Amino acid sequence: MSKHSSNDFQALNLAILTVSDTRDFSNDTSGQLLVDKATTAGHVVVDRALVIDDIYQIRARLSQWIADPETQVVLITGGTGFTGRDSTPEAVVPLFDKTVEGFGELFRHLSYQEIGTSTVQSRALAGLANGTLVFCMPGSTGACRTAWDGILAEQLDARHKPCNFVPHVKLTNAPACDTRG
């Protein structure tokens with residue numbers, strides 16, 4: 001059960017990356033869903049990009065955002081599956097200072113309720129790199145909706161208690177997380 005306090009909402013600066021060999025901005029429903037969810041929640045989308053499923057293109061784009069002092073959160077959709085071409089985890093993990101183990105675990109738990117055991121093939125993951133939170137989700141629009149509605153909406157909201165990720169991103173003065181029972 002979530003608890004909320006009267007802390008003020010803090011808009012975060014988000015960048016959204018779609019990893020796909022077949023999509024462009026005209027048919028990128030997953031990336032657009034994340035843009036819509038983030039802006040509706042009050043966040044600012046400072047950049048959006050689309051790259052093919054290539055370790056070095058993913059890593060290059062992500063590295064630019066991690067180095068940018070204005071980008072606090074990066075949402076990546078696509079490339080997290082189990083096929084030979086899916087390479088998002090391999091591209092991003094070396095850039096992490098810390099891994100958020102619970103994101104992938106919770107995503108697969110929520111996803112199991114929607115798609116059953118097929119969720120074991122999802123390699124959704126998250127981490128922190130240079131004060132930038134990075135969340136990697138599957139490329140389906142439904143998976144992005146599950147991740148946003150079930151995890152990200154609360155965890156990117158400073159009002160969510162007992163803790164959220166806002167105090168951990170660069171350029172923020174949010175209070176520290178209280179994780180005591």
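Quick one: which of Gln72, Gln64 is crowded, with 22+ Cβ neighbours inside 10 Å, among the polar types (S, T, N, Q) and farther than 22 Å from Thr29 by Cβ? Even if it seems obvious, please write down each step before you answer.
Working: Gln64 fails: crowded, with 22+ Cβ neighbours inside 10 Å.
Matching residue, one of Gln72, Gln64: Gln72.
If you go through region 110-139, how many residues are small (Gly, Ala, Ser) and at pLDDT below 95?
Total satisfying the criteria: 4.
Yes/no matrix, rows are residues, columns are (1) touching a His at 6+ places or on another chain (Cβ under 6 Å); (2) among the polar types (S, T, N, Q); (3) more than 19 Å from His168 (Cβ to Cβ):
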site: Phe9; (1), (2), (3): no, no, no
site: Asn27; (1), (2), (3): no, yes, yes
site: Val44; (1), (2), (3): no, no, no
site: Tyr56; (1), (2), (3): no, no, yes
site: Arg61; (1), (2), (3): no, no, yes
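Kindly indicate the residue of region 75-105 that is more than 13 Å from the chain's Cα centre (by Cα) and aliphatic (A, V, I, L, M) and also surrounded by the fewest Cβ atoms within 10 Å (Cβ to Cβ) among those meeting that condition.
Step by step, filter region 75-105, then rank; the result is Val93.
Kindly indicate whether Thr71 is outside any strand (DSSP E or B), touching a residue at least 12 places away in the same chain (Cβ under 8 Å) and touching a Cys at 6+ places or on another chain (Cβ under 7 Å).
It is false that Thr71 is outside any strand (DSSP E or B), touching a residue at least 12 places away in the same chain (Cβ under 8 Å) and touching a Cys at 6+ places or on another chain (Cβ under 7 Å).
Is region 117-134 home to any residue that is assigned to a helix (DSSP H, G or I), loosely packed, with under 15 Cβ neighbours inside 10 Å, touching a Ser or Thr at 6+ places or on another chain (Cβ under 9 Å) and free of Cβ contacts under 8 Å to residues at least 40 places away in the same chain?
Yes: region 117-134 contains one or more residues that are assigned to a helix (DSSP H, G or I), loosely packed, with under 15 Cβ neighbours inside 10 Å, touching a Ser or Thr at 6+ places or on another chain (Cβ under 9 Å) and free of Cβ contacts under 8 Å to residues at least 40 places away in the same chain.
Which residues, counting only those in region 139-164, are in contact with a strand residue (DSSP E or B) (Cβ under 7 Å, 6 or more places away or on another chain) and touching a residue at least 60 places away in the same chain (Cβ under 8 Å)?
Gly139, Ala143, Cys144, Leu152, Glu154, Leu156, Arg159, His160, Lys161, Pro162, listed by residue number.
For residues that are within 20 Å of Asp86 (Cα to Cα), surrounded by fewer than 23 Cβ atoms within 10 Å (Cβ to Cβ) and not aromatic (Phe, Trp, Tyr), scanning just region 11-25, find the one that is nearest to the chain's Cα centre (by Cα).
Looking at the filtered set, the residue picked out is Ser20.
The values are calculated or read from the model by the stated rules, or taken from the named source; none is laboratory data. The structure displayed is predicted, hence computed values, not measured ones. Methodologically, a virtual Cβ is constructed for each residue, glycine included, from the backbone with ideal geometry; neighbour enumeration extends over all protein chains shown.
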